[in-house]
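Engineer: I am attaching a structure below and will ask some questions about it afterwards.
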Amino acid sequence: MTVTSVSFEPDTPSPSPILIENVQPAVDCGRYPVKREVGDTLEVSADIFREGHDKLTAVIRYRRWDEVDWQETPMRFVDNDRWAGSFELTQNTRVIYRVQAFPDRIETWRDEIIKKRDAGLDVGLEIREGLELFEEMVERATGEDRTRFARAMDAATAASSQHEAIDALLAPSVLQAAHRNRSREGAVTSPELTVIVDRVAARFAAWYEMFPRSAGTEPGTSGTFKDVEKHLPRIRDMGFDVLYFTPIHPIGTTNRKGKNNKLNPEPDDPGVPYAIGSEEGGHDAIEPGLGTEEDFRHLVKQAEEHGLEIALDIAFQASPDHPWTKEHPEWFHIRPDGSIKYAENPPKKYEDIYPINFQNPDWQGLWNELKRVIQHWIDLGVKSFRVDNPHTKPTPFWEWLITEVHRDHPEVIFLSEAFTRPKVMKALAKAGYAQSYSYFTWRNFKQEIMEYLVELTQTDVKEYMRANFFPNTHDILPYILQEGGRPAFKFRLVLAGTLSSVYGIYSGYELCENTPVSGKEEYLNSEKYEYKVWDWDRPGNITDYVATFNRIRREHPALQEYDNLSFLRANNDNVLLYIKALPEEGRYAMVAVNLDPFQPHESEIEIPHHILGTDRTDQIRATELFTGESFIWQGTSESLYLDPDQNPAMIFDLRVWEHKDYEEPCF
């Protein structure tokens, strides 16, 4: 066997003996960013080790993505070669972070000399080795640290005993200075990772969707932005944070759809807002029936004064009348006969919509135009976008677009409306979407809800995907709402807004609107195809229930977090029981939901001592937040009765009860 010699460059330092592995949090080994919100603490951990018993130390280095200089914070040894540390996320930006580890020669020396001294061994050579380490640090130190080293070295050299010399070199103030100035020779740095630090609104918000053209009071006539302004107090009083509009752009006339998606519209049919573009303009224009750009600016300002944020639906597609079809026909799919291909999802046909061809030769021009469209609406005050069908466009485009937008506008939130295959949905979240639609809309039974929520909030999916739970949309009227009526609308609302910290409803939900197209999960007489005038006070509405629920969410901090969810035992398959916990604040919200909209159910439920940090002898004050009633629980279980017509869901604030909390017993 022939051994081939390897030549090294002269004076090349030997490789560092330190290994850094499994740095967390990371998505796909750092290919994509993780997500957090302003005010969070990013906990970073890694496996860090080397051969033998020499000591090492580690730090987290971090900086804003638009800065050059690094900050750093120390890591601590946990166990089994695992190290951990953290730093505060104080700004809405992106932050680059990495782990750096290096040999800790000071600690290695200190550990060795103390062991030998305590064993009664001669440590003369070890003292000399220590002096050499300090001499090296003196050259690097400044100010008081340099003076402190010099004094310690002088004292050690003049010491009358080895013990006295050791005490001089190991004085606490000297060691602290040594840690600040120790050599980083042999340092190893992990690859860079990124965290997107979103506004808190990316994690905690309540969205309300509406067609602005349905804000009016005159049948057959479009509502306007001025009409929408009249609804702002109503929407605010229900407790919503975001008012999201379906597309507000000019609507094409070619192949316009009529009522209930008919191919032959009546002359006064307004068309589908997703058939974007006409002689009045395209994605940067406003449907004339809604008002002007100045009207829109005024609406955005008025919404802000009511504590609401306007979000826009962005649908990157075009009607046959869109200016792009004439100016850039190459941006579309051209068929062999020269015609442009319209959208299809067999057996459904969308003759009034042309999908965009992202693989066209002028793809760069297309990408820049779509970025310009987003920037146009940002300039008008929009900070949130619900993006229609992003899974039908290339994921690299979204990664580029969102990154480009965030360079100047990190406050912008993108919501992915992608009811699609799981891996595609997750890829869009990884690409930068702050929020994502989810399969919650179709999760109805106890076990499937639990399994899905564990995946979303207790696995690595939580690092990059925030599910915005919508129990209905303008396209989807689930069977549970069709069949379950008012009780289903109530308990699905509670599920959406407590299982997730960010949720939304489509207007009409508060009216329990549930008239379907027969045999389909679609609304009959949908306002996608016609003007609507709603009676917002009609009998059977749950407006007050929605307002109370949103108030509970605003007042209870445990309901404002996303991944603090744990499921609890309830011995009835129709009763779902879970808790959201903030142990550092001593706040706990427990939710019980009757998943059967037709029958009352009683269930024995677990008292979550293991989460509260209590035991069965402790008394727990349980305050039901819809009614304000308080109870004292003791032991391991309690019994709850949930009537779908009266209390389909209950939300409890749990606290350890102390008698001094009350002037008199609560029952």
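The values are calculated or read from the model by the stated rules, or taken from the named source; none is laboratory data. In this text, all values refer to a predicted model and were calculated from it rather than measured experimentally. Don't worry about glycine lacking a Cβ; one is built from the backbone with ideal geometry, like all the others, and counts go over all protein chains shown. Note: areas computed on protein heavy atoms with side chains; ligands, DNA, RNA excluded. Shrake-Rupley method; radii C 1.70, N 1.55, O 1.52, S 1.80 Å.
Engineer: Longer than 20 Å from Cα to Cα, which of LYS349/LYS520; LYS226/LYS301; LYS462/LYS490; LYS326/LYS393 are they? Say none if no pair is.
Structural biologist: LYS462/LYS490; LYS326/LYS393
Engineer: Taking the solvent-accessible surface of protein heavy atoms with a 1.4 Å probe, what is the per residue accessible area of the range 61-197 in Å²?
Structural biologist: Accessible area per residue, the range 61-197: 54 Å².
Engineer: Given points 7 Å out from each Cα along the Cα-Cβ axis, report the THR392 to THR543 separation in nanometres with one decimal.
Structural biologist: The two pseudo-label positions are separated by 3.6 nm.
Engineer: So in the range 320-425, what percent of DSSP beta bridges are antiparallel if you round to the nearest 5?
Structural biologist: The antiparallel proportion sits near 50 percent.
Engineer: Turning to a different aspect of this structure: When the Kirkwood hydrodynamic radius is evaluated over all pairs of different C-alpha atoms of the range 246-353, what value in angstrom, to one decimal, is obtained?
Structural biologist: About 15.2 Å for the range 246-353.
Engineer: Scale the Cα Rg of the range 507-573 by the rule-of-thumb value 2.2 N^0.38 Å and send over the ratio, two decimals.
Structural biologist: That ratio works out to 1.60.
Engineer: For the chain, what class follows from the C-alpha gyration tensor (a ≥ b ≥ c being the square roots of its eigenvalues): rounded when a/c is under 1.5, otherwise prolate if a/b is larger than b/c, else oblate?
Structural biologist: oblate
Engineer: Just the accessible area per residue of the range 426-559, please: how many Å² with a 1.4 Å probe?
Structural biologist: Accessible area per residue: 31 Å².
Engineer: Let me ask something else about it. Show me the trypsin sites (Lys or Arg not before Pro) within the range 496-534 that DSSP assigns to loop and that have at most 15 other Cβ atoms within 10 Å of their Cβ.
Structural biologist: Filter output for the range 496-534: LYS520.
Engineer: Using only the alpha carbons, work out the radius of gyration and Dmax of the range 276-332 in angstrom.
Structural biologist: For the range 276-332, the Cα-based Rg and Dmax read 14.2, 44 Å.
Engineer: Rg/Rh for the range 492-542: what does it come to with C-alpha atoms and Rh from Kirkwood?
Structural biologist: A ratio of 1.01.
Engineer: I would also like to ask the following. For the range 337-431, place one equal point scatterer on every Cα, skip the solvent, and apply the Debye formula. What is log10 of I(q)/I(0) at q = 0.14, 0.16 Å⁻¹?
Structural biologist: Cα-only, vacuum Debye calculation for the range 337-431: -0.61, -0.79.
Engineer: If one computes P(r) from the Cα atoms of the range 107-216, what percent of pairs lie at distances over 22 Å?
Structural biologist: 52
Engineer: With a sphere of radius 12 Å drawn around the Cβ of GLU305, what net charge do the other residues whose Cβ falls strictly inside it have (Lys, Arg +1; Asp, Glu -1)?
Structural biologist: Residues close to GLU305 contribute a combined charge of -1.
Engineer: Taking only the alpha carbons of the range 42-134, what extent do you get along each of the three principal axes, in Å, biggest first?
Structural biologist: 57, 29, 21 Å, listed from the longest principal axis down.
Engineer: Let me ask something additional. Please give the per residue accessible area of the range 610-660, computed with a probe of 1.4 Å over protein heavy atoms only, in Å².
Structural biologist: 52
Engineer: Short version: ³J(HN,Hα) in whole Hz for each residue of the range 160-173, in order, from phi by Karplus 6.51 cos²θ - 1.76 cosθ + 1.60 (θ = phi - 60°), x for Gly and Pro, what are they?
Structural biologist: Listing the rounded values in order: 8, 8, 5, 4, 5, 5, 5, 4, 5, 7, 9, 4, x, 5 Hz.
Engineer: Along Cα→Cβ, 7 Å out, is where each label goes; now give me the distance between the ones at THR403 and GLU327 in nm to one decimal.
Structural biologist: The answer from the label model is 2.7 nm.
Engineer: Add -39500 (n - 2.57) for each DSSP H run of 4 or more in the chain, then divide by its residues: what number comes out at 222 nm, to the nearest 500 deg cm²/dmol?
Structural biologist: Estimated from H runs of four or more residues: -8500 deg cm²/dmol.
Engineer: Can you work out the FRET efficiency for the pair GLU192 and ASN525, with r the C-beta to C-beta distance and R0 = 45 Å, to the nearest 0.05?
Structural biologist: Result of the calculation: an efficiency of 0.25.
Engineer: Report the net charge of residues surrounding LEU19, where surrounding means a beta-carbon distance below 11 angstrom and charges are Lys +1, Arg +1, Asp -1, Glu -1.
Structural biologist: Once all neighbours under 11 Å are counted, the net charge is -3.
Engineer: Can you tell me the mean projection area, over all orientations, of the convex hull of the range 570-611's alpha carbons? Units nm², please.
Structural biologist: Projected over every direction and averaged, the Cα hull of the range 570-611 covers 3.2 nm².
Engineer: Separate question: Counting alpha carbon pairs within less than 8 Å and at least 6 residues apart, what relative contact order, in whole percent, applies to the range 345-467?
Structural biologist: For the range 345-467, the relative contact order is 20 percent.
Engineer: Just the number, please: percent antiparallel of the DSSP beta bridges in the chain, rounded to the nearest 5.
Structural biologist: Around 70 percent antiparallel, to the nearest 5.
Engineer: Report the far tail of the P(r) of the range 413-543, meaning the percent of Cα-Cα pairs longer than 18 Å.
Structural biologist: In whole percent, the long-distance tail amounts to 56.
Engineer: Over the range 540-632, what is the mean sequence separation of C-alpha contacts under 8 Å (at least six apart), divided by residue count, expressed as relative contact order in percent?
Structural biologist: 22
Engineer: By the gyration tensor of its Cα atoms, with a ≥ b ≥ c the square roots of the eigenvalues, what is the shape of the range 538-627: rounded for a/c under 1.5, prolate for a/b over b/c, or oblate?
Structural biologist: oblate
Engineer: Once every Cα of the range 109-149 carries one equal point scatterer and solvent is ignored, give the base-10 log of I(q)/I(0) from the Debye formula at q = 0.16 Å⁻¹, two decimals.
Structural biologist: Each listed q corresponds, in turn, to -0.48.
Engineer: Follow-up. So for the chain, averaging the separation of alpha carbon pairs under 8 Å that are six or more residues apart and normalising by length, what relative contact order in percent results?
Structural biologist: 11
Engineer: Where the accessible area of the range 289-431 is counted over protein heavy atoms with a 1.4 Å probe, how much of it, in %, is carbon and sulfur?
Structural biologist: 49
Engineer: Using a ≥ b ≥ c from the Cα gyration tensor of the range 313-355 (square roots of the eigenvalues), is it rounded, prolate or oblate, where a/c under 1.5 gives rounded and otherwise the larger of a/b and b/c decides, a/b for prolate?
Structural biologist: Oblate shape, in that a/c is at least 1.5 and b/c is the bigger or equal ratio.
Engineer: Tally up the carbon and sulfur contribution to the accessible surface of the range 82-233 as a whole percent, 1.4 Å probe, everything protein left in place.
Structural biologist: Here carbon and sulfur together make up 50 percent of the probe-accessible area.
Engineer: Continuing with the same structure: Please list the equivalent ellipsoid semi-axes of the range 227-272, computed as the square roots of five times the alpha-carbon gyration tensor eigenvalues, in descending order and whole angstrom.
Structural biologist: After diagonalising the Cα gyration tensor, the semi-axes are 31, 11, 10 Å.
Engineer: By the scheme Lys and Arg +1, Asp and Glu -1, what is the net charge of all other residues having a beta-carbon under 10 Å from that of PHE631?
Structural biologist: Residues near PHE631 contribute -2 overall.
Engineer: Okay, which of the range 164-190 sit inside 15 Å, backbone N to the point 7 Å along the Cα-Cβ direction of ALA158?
Structural biologist: Only 164-165, 168-169 pass the distance filter.
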